[in-house]
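Following: one structure in structure tokens, then a few remarks.
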Amino acid sequence: MAAMRPEYTIQPKARASLLLIYTGGTIGMKQDPTDMTLKPFNFNQILEEVPELAKFAYRIDSYTFDPIIDSSDIEPASWQELASLIYERYDDYDGFIVLHGTDTMSYSASALSFMLEGLTKPVIFTGSQLPIGVPRTDGKENLISAVEIAAAKDSNGHARVPEVCICFDNMLMRGNRTTKVNADNFRAFRSENLPPLAEAGIYIRYNDSVIRKPADWTRRPALHMNLDTRVSILKIHPGITPGVVENILCGKETRAVIIETYGSGNAPSKKWFLDMIRKAAGMGKILLNVTQCLAGSVNMTIYANGKALEEAGVASGYDSTTESALAKLFYLMGETPDNSMVMKMLDMDLRGEISR
Ligand code: ASP
């Protein structure tokens, strides 16, 4: 992805200073009259559509990705751009807002949560289901709430929410707990296994007991840029065949496999299936069990079918989303070539991504 450049500043003298990073997504798209599809448009036009932002006494600088993209085109390279930009400009701002397409927002927010360790400032992702230029857009409210939350401080002058979050439809959720659940509705995201960090009504109510705080407010975060993306996802379903399972589990390129299982972590108990799991584990593949359910947790001790997976060498993903499990694997595998170390770290709650 090409270099990003500062473009637009509003309110030069202000109490809080924020960096608004525009990567693309519906929020800034317009219908192309030639083929009627939605395509990204210029960022300055977005800010012109939200004059309410000027009412905050904040300095808001902006950066635009070049090119701006539909988030279906997001790649780990975009996360590296984003993480390094935030890291480089960390001392200049009180908070960061990332405008991003909804399709992969949960993946990106999860990735950033692992790449930026020990945050003392908010990194708030938001976007919209309807472009900001249309009358019933949800983009304005989402952006205004994200801006207010990104600037919010407690009585000690510390950020209210020093985490990577998604702000959408009046909910502030921990990014690595979210999943996109609706393609049409304004409530596009859910965080089923963790209550919201804040809710925006007449007031913004912060759920302080859930918000993570850094061990040391004076320390800059650590930046983790290495990502090893050799991960496959095996979604279990009735009728799955040995050939398909083998291709996914034992592929030469694959270092880790997320196994999306039923319910509390169950998979078929057929001999060929368990043999295949054992074979992959014997080849040194990292195998991680994540449930297909939106809510709840893997617990491989409840059913014999789950227990068999555990005994075959599969690690528990607990109540992780698939998006977060993928990001955690990319990050951990980028940190070390040692698979047993990765397995050990998978079992730990690193960024509030699992409940243990
Ligand atoms: N395709 C769009 C994107 O993810 C959808 C959206 O923004 O809601 O970039």
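FYI, it's all coordinate maths here, none of it is from the lab. Model, not experiment: these values are computed from the prediction. Positions of Cβ are backbone-derived with ideal geometry, glycine not excepted, and every protein chain shown enters the neighbour counts.
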- [ ] Enumerate by residue number the chymotrypsin sites (Phe, Trp or Tyr not before Pro) in the stretch 56-139 meeting two conditions: DSSP loop (anything except H, G, I, E, B), and at most 16 other Cβ atoms within 10 Å of the site's Cβ.
- [x] none
Open item on the list: For a quick check of your reading of the filter: which trypsin sites (Lys or Arg not before Pro) in the stretch 89-181 sit in a DSSP loop and have no more than 10 other Cβ atoms within 10 Å?
Closed with: R136
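When Lys and Arg each count +1 and Asp and Glu each count -1, what net charge do the other residues less than 9 Å away from A295, Cβ to Cβ, add up to?
Numbers: positive: R190; negative: E192, D319.
My count for the surroundings of A295 gives -1.
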TODO: Classify the stretch 62-202 as rounded, prolate or oblate from the Cα gyration tensor: take a ≥ b ≥ c as the square roots of its eigenvalues, call it rounded if a/c is under 1.5, otherwise prolate when a/b beats b/c and oblate if not.
DONE: rounded
- [ ] Between the alpha-carbon centers of the stretch 245-276 and the stretch 186-226, tell me the distance in whole angstrom.
- [x] 33
Task: Shape category assigned to the stretch 159-206 from the gyration tensor of Cα positions, a/c cut at 1.5 - done: oblate
Task: Nearest-20 debye value, the stretch 32-73 charge dipole, Cβ charges on Lys, Arg, Asp, Glu - done: 260
Task: 0 to 90° range, to nearest 10: angle between helix 271-282 axis and the chain longest Cα axis - done: 70
Task: the stretch 245-318: relative contact order in percent, alpha carbon pairs under 8 Å with at least 6 residues between - done: 37
Task: 5 angstrom amide H check on K153, placed H, neighbours 5+ away - done: R160
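Would you mind telling me the antiparallel percentage of the DSSP bridges in the chain, rounded to 5?
Working: 23 of 55 bridges.
Here the share of antiparallel DSSP bridges comes out near 40 percent.
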TODO: Whole Å is fine, so just give me how far the alpha carbon centre of the stretch 277-356 lies from that of the stretch 102-172.
DONE: 28
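What per residue convex hull volume, in Å³, comes out for the chain when only alpha-carbon positions are used?
On the way: hull volume 53.0 nm³, N = 356.
It comes to 149 Å³ per residue, whole-number rounded.
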Open item on the list: As I understand it, the value is the acute angle between the Cα axis of helix 76-88 and the longest principal axis of the Cα atoms of the chain; what does it come to in degrees, rounded to 10?
Closed with: 50
- [ ] Output the Kirkwood hydrodynamic radius of the stretch 195-266, Cα pairs only, in Å rounded to one decimal.
- [x] 17.0
- [ ] At q = 0.26 Å⁻¹, work out log10 I(q)/I(0) for the stretch 76-143 with the Debye formula, treating every Cα as an identical point scatterer and leaving solvent out; two decimals please.
- [x] -1.16
- [ ] Let me have the relative contact order for the chain, percent, based on Cα pairs under 8 Å that are six or more residues apart.
- [x] 14
Open item on the list: Taking just the alpha carbons, could you work out the radius of gyration and Dmax for the stretch 262-305, both in angstroms?
Closed with: 11.3, 32
- [ ] Scan around I259 for amide H atoms under 5 Å from its own, H built in the peptide plane at 1.01 Å from N, and keep only partners 5 or more places away or cross-chain.
- [x] L234, L288, N289, V290
Task: Charge dipole of the chain about the Cα centre (unit charges at C-beta), most positive-ward option of P40, G243, F65 - done: G243
Open item on the list: Can you list residues from other chains, or at least 5 along the same chain, whose modelled amide H is less than 5 Å from the amide H of L18?
Closed with: R59, I60, D61, D94
Task: Extreme residue, positive dipole direction of the chain, given options V147, S340, I132 (C-beta unit charges) - done: S340
- [ ] Report the one residue of L18, P214, C167 whose Cα lies farthest in the direction of the positive end of the charge dipole of the chain (charges on C-beta: Lys and Arg +1, Asp and Glu -1; origin at the Cα centre).
- [x] P214
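Which value in deg cm²/dmol, rounded to the nearest 500, describes the helix-derived mean residue ellipticity at 222 nm for the chain, given -39,500 (n - 2.57) per DSSP H run of n ≥ 4 and division by the residue count?
Values: 9 runs with 95 residues, N = 356.
Only helices count here, giving -8000 deg cm²/dmol.
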